[in-house]
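Q: Got a structure here, written out as structure tokens. Questions coming.
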Amino acid sequence: MAKARSGLWKLFAVLAALVLVAAACGSDDGTTDEANAGQSGDGPTIVVTTNILGDVVGELVGDQANVITIMPVGADPHDFQASAQEVDQLLEADALVVNGTSFEEGLLDVIDSAVEAGVPTFEATSAVQTIEFAEGGHDHGHDDDHEDGEEHSDEEGHDHEDGEEHKDEEGHDHEEGEEHSDEEGHDDHDDHEGHDHSGEDPHFFTDPARMIDAVRGIESFLAAEVDGLDADALSSATDAYVGELESLDAEVKDLVNAIPEDQRVLITNHEVFGYFADHYGFEVVGTVIPSGSTLASASGGELAELSEVIEAEGVPAIFSDTSSSSDLIEALAAEVGDVAVVELFTESLGDGDSDGATYLDMVRTNATRISEALS
């Protein structure tokens, strides 16, 4: 048993190193033409960092404004780097919409520069009730309406929820991270400052109910900050989209109800489904990468422990990301045996002809795949 465990540790250690190299060399051609096709150049320009929020903002403003999405389909928000042209677009925007809570790790300096240059900027996470990493999903059946938080504005006019963590002068969250050691006493996460699994979780978009709060916040921000928008048309489009989100939320609940409560457990590539778990009564029992960022790594010891969790829980499936490498999670499933690997759209939409081409499609497809895998 000890010899097998040692072999498993070595296998995962090698695979983890390969995945890190692949992530560091990830493609970033700066291409946003597909996401921004059809922009006329007339009207105000709204720049959005992620393609998830780009789709949402486009639904709200329609043809009233040019919506430029910085991250192309398939981009990993944690390591995406902007091209010189994209930096210029950020700095010259009439308004900037970002996910917030340090989600866009490779764009933080550029976003700070845009704020300092006076570009009106809205963080979507400022409009929602956030949770801490590893907090979501431990209270099964928990289903908040997320309307209790009262918003207030800081001196720069940015909306924040009461109880939100204070930011430093540059607007970044800072948490004291715990170091984790593997079986041989090596600190595996010393190299990844800010990538530990503590602090505020930015992945609110896995919960469509919280997206409703974000949409309302975006509407208020755009109406106040962007000249040339028809406020009545913006309000009407927002109401219509909120109606679609409410219907989607009800649809996901119906899908979840098909899963026995004791089988509502998730093992994912990294910590991305905390809000989904919190809203729909799941428990996240483990992640391959023990962090909310794909830039972090997993030790052989942690992966060996996770394989034991999978066997103990008897889970029929573990879930990978469309926007990051699945090599490690595939190796884990193969080592455990009789476990399916199910791909989910996590931090990026899919191509136009995929099942995750829009935010609504993305959430619906993820819920369907989770329900089918765990029922």
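The values are calculated or read from the model by the stated rules, or taken from the named source; none is laboratory data. Here the structure is a predicted model, which is why all the values come from computation and not from measurement. Every residue, glycine as well, gets a Cβ built from its backbone with ideal geometry; the counts of neighbours run over all protein chains shown. All accessible areas refer to the heavy atoms of the entire protein, side chains included, with ligands and DNA or RNA removed. Shrake-Rupley method; radii C 1.70, N 1.55, O 1.52, S 1.80 Å.
Q: Listed residues Ala233, Ala209, Ala214; which is at pLDDT 95 or above, among the aliphatic types (A, V, I, L, M) and open to solvent by 20 Å² or more (accessible area, probe 1.4 Å)?
A: From the options Ala233, Ala209, Ala214, the qualifying one is Ala233.
Q: What about Asp139, is it open to solvent by 10 Å² or more (accessible area, probe 1.4 Å), at pLDDT below 95, over 17 Å from Arg216 (Cβ atoms) and assigned to a loop (DSSP other than H, G, I, E, B)?
A: yes
Q: Continuing with this model, one more query. Would you check which residues across segment 43-77 are open to solvent by 10 Å² or more (accessible area, probe 1.4 Å), closer than 17 Å to Asn99 by Cβ, of a type outside the set (Val, Ile, Thr) and out of contact with any strand residue (DSSP E or B) (no Cβ under 9 Å at 6 or more places or on another chain) and list them?
A: Listed by number, the residues that qualify are Glu59, Pro72, Gly74, Ala75.
Q: Out of Ala367, Ala373, I need the residue that is at pLDDT 95 or above, touching a Leu at 6+ places or on another chain (Cβ under 6 Å) and buried (at least 17 other Cβ atoms within 10 Å of the Cβ). Which one?
A: Ala367
Q: Let me ask something additional. Can you pull out every residue in segment 231-278 that is more than 20 Å from the chain's Cα centre (by Cα), within 23 Å of Ile318 (Cβ to Cβ) and among the polar types (S, T, N, Q)?
A: Listed by number, the residues that qualify are Asn257, Gln263.
Q: Whether any residue in segment 343-358 is farther than 22 Å from Val252 by Cα and touching a helix residue (DSSP H, G or I) at 6+ places or on another chain (Cβ under 6 Å) is what I want to check.
A: No - not one qualifying residue is present in segment 343-358.
Q: Could you tell me which residue of segment 78-95 is least open to solvent (accessible area, probe 1.4 Å), considering only residues that are in a loop (DSSP other than H, G, I, E, B) and among the charged types (D, E, K, R)?
A: Top of the filtered list is Asp79.
Q: In segment 317-375, what residues are out of contact with any strand residue (DSSP E or B) (no Cβ under 7 Å at 6 or more places or on another chain), closer than 24 Å to Gly301 by Cα and hydroxyl-bearing (Ser, Thr, Tyr)?
A: Listed by number, the list holds a single entry, Ser325.
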